[in-house]
1. Take the conditions assigned to a helix (DSSP H, G or I), surrounded by 14 or more Cβ atoms within 10 Å (Cβ to Cβ) and out of contact with any His (no Cβ under 6 Å at 6 or more places or on another chain) and apply them to Val15. Does it pass?
2. Considering segment 17-43 alone, what residues qualify as being hydrophobic (A, V, I, L, M, F, W, C) and out of contact with any Asp or Glu (no Cβ under 8 Å at 6 or more places or on another chain)?
3. Could you please let me know if Leu6 is in contact (Cβ under 8 Å) with a residue 12 or more places away in the chain and in a loop (DSSP other than H, G, I, E, B)?
4. Can you name every residue in segment 18-49 that is touching a residue at least 12 places away in the same chain (Cβ under 8 Å) and either in contact with a Lys or Arg (Cβ under 6 Å, 6 or more places away or on another chain) or surrounded by fewer than 11 Cβ atoms within 10 Å (Cβ to Cβ) (or both)?
Amino acid sequence: MSIPNLDPDLLRAFVVVAERLSFTRAAEQLNRTQAAVSLQVKRLEERIE
């Protein structure tokens, strides 16, 4: 499966959330707000649907 225009930042946000098991802890690691990380994961979900 090929996903055109996949933004690596979106994938990184997803991976860090999965590793940390927390949007809040992922946001801290990525130096972003929890809302920003949540939005990135949502955008990734929309692109792979």
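1. Details: assigned to a helix (DSSP H, G or I): yes; surrounded by 14 or more Cβ atoms within 10 Å (Cβ to Cβ): no; out of contact with any His (no Cβ under 6 Å at 6 or more places or on another chain): yes.
No: the conditions fail for Val15.
2. To start, the set of residues in segment 17-43 that are hydrophobic (A, V, I, L, M, F, W, C) comprises 17-18, 21, 23, 26-27, 30, 35-37, 39, 41.
Passing the criteria: Val17, Ala18, Leu21, Phe23, Ala27, Leu30, Ala35, Ala36, Val37, Leu39, Val41.
3. On the way: in contact (Cβ under 8 Å) with a residue 12 or more places away in the chain: yes; in a loop (DSSP other than H, G, I, E, B): yes.
Taking the combined requirement at face value, the residue satisfies it.
4. Once the filter is applied, which keeps residues that are touching a residue at least 12 places away in the same chain (Cβ under 8 Å) and either in contact with a Lys or Arg (Cβ under 6 Å, 6 or more places away or on another chain) or surrounded by fewer than 11 Cβ atoms within 10 Å (Cβ to Cβ) (or both), segment 18-49 yields only Ala26.
Since every read-out is calculated from the coordinates, none of them should be taken as a lab result. Keep in mind that what you see is a predicted model, and the values were worked out from it rather than measured. Ideal geometry is used to build each Cβ from the backbone, glycine not excepted, and the neighbour counts take in all protein chains shown.
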